[in-house]
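Undergrad: This is the structure I want to talk about, given as structure tokens.
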């Protein structure tokens, strides 16, 4: 269902049985469980990037991780819930890391 590089690929599926609104018959809904950001100690730092004016997180990810869609990995490593905050302030140091799993 998700791309193998997606942050949700390894998240466990769950099911819920609900009544179909039209027929009243039970139907099963499959969904992904909630994904929690791993704690900072679960990462190994590769390098720190100093944000420059005009930097974009997808371009930083492409440069260090080889693919812009992996910017979520940088968010996880920096415990960022709002990705845009990582590149708003030039001079900020952003950790580029890999998970320890």
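Values in this text are rule-based calculations from the coordinates and carry no lab data. The shown structure was predicted, so the numbers you read here are calculated from the model rather than taken from an experiment.
Undergrad: Report which label in (i) 14, 45, 31, 10, 1; (ii) 14, 38, 23, 13, 10, 3; (iii) 12, 23, 15, 13, 18, 15, 4, 0 holds the value of P(r) over Cα pairs in 10 Å bins from 0, in percent derived from the coordinates of this structure.
TA: (ii)
Undergrad: Report the extension gain between residue 29 and residue 53 in nm, rounded to one decimal, defined as 0.36 nm multiplied by the number of residues separating them, less their alpha carbon distance.
TA: Extending this stretch completely gives an extra 4.1 nm.
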